[in-house]
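A.B. asks: Structure provided below as structure tokens; questions to follow.
Each reported figure results from applying straightforward, stated rules to the coordinates on display, with no laboratory input. This is a predicted model, so every value here is computed, not measured. Glycine gets a Cβ as well: all are built from the backbone with ideal geometry, and neighbour counts include every protein chain shown.
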Amino acid sequence: MPDLEPQSLNTYTYYRCLIHTSDVRYKNLRIVVTFAAGRELMKEEKTIPDIINMLERGYDAPRKRQAGTIEKWFNKGKKTYNIVIVKDHHFTLNEDVWTLIHFGKFTRRKLK
């Protein structure tokens, strides 16, 4: 039985949930969803094609992330969606992938 305590993104590759509708890709890499991000997607009723659309049409978040991590914001109405993906290697698929680690939504404040 493998150790269930993740040491890095690579150590829990086996426990990831792979959600795809077809062979949709972002920057030539498949998107793999962690269980936590999958729950966030289901709560907001979004799919992988929705995520790819938001990544392509969104803009960079104002804060910096470490190398290999992309955080994009996408405005829709009064809400802003926050998408965080990390470049990683999926050992089951034996290919490099983007791992969706967070998907959230918040309300923008009016600037005075």
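A.B. asks: Among the numbered conditions (1) surrounded by 11 or more Cβ atoms within 10 Å (Cβ to Cβ); (2) of a type outside the set (Lys, Arg); (3) out of contact with any Lys or Arg (no Cβ under 6 Å at 6 or more places or on another chain), tell me where Val97 comes up short.
C.D. replies: If we test Val97 against (1) surrounded by 11 or more Cβ atoms within 10 Å (Cβ to Cβ); (2) of a type outside the set (Lys, Arg); (3) out of contact with any Lys or Arg (no Cβ under 6 Å at 6 or more places or on another chain), just (3) comes out false.
A.B. asks: Does segment 69-83 contain any residue that is aliphatic (A, V, I, L, M) and outside any strand (DSSP E or B)?
C.D. replies: First pass over segment 69-83, keeping only residues aliphatic (A, V, I, L, M): 70, 83.
Filter again for outside any strand (DSSP E or B), leaving none.
So far as segment 69-83 goes, no, none of its residues is aliphatic (A, V, I, L, M) and outside any strand (DSSP E or B).
A.B. asks: If the Cβ limit is 7 Å and pairs must be 6+ apart or interchain, which residue in segment 50-65 that is part of a helix (DSSP H, G or I) pairs with which residue that is surrounded by fewer than 17 Cβ atoms within 10 Å (Cβ to Cβ)?
C.D. replies: Once the first residue is part of a helix (DSSP H, G or I) and sits in segment 50-65, its partners that are surrounded by fewer than 17 Cβ atoms within 10 Å (Cβ to Cβ) give Ile52/Val24.
A.B. asks: Please go through segment 68-82 and pick out each residue that is of a type in the set (Val, Ile, Thr) and under 10 Å from Thr107 (Cα atoms). If you could, list the steps in order and put the result at the bottom.
C.D. replies: Filtering segment 68-82 down to residues of a type in the set (Val, Ile, Thr) leaves 69-70, 80.
Result: Thr80, single match.
A.B. asks: Identify, from the list Lys72, Lys87, the residue that is within 11 Å of the chain's Cα centre (by Cα), basic (Lys, Arg) and surrounded by fewer than 18 Cβ atoms within 10 Å (Cβ to Cβ). First the steps, then the outcome.
C.D. replies: Values: Lys72 fails: surrounded by fewer than 18 Cβ atoms within 10 Å (Cβ to Cβ).
None of the others qualify; the one that does is Lys87.
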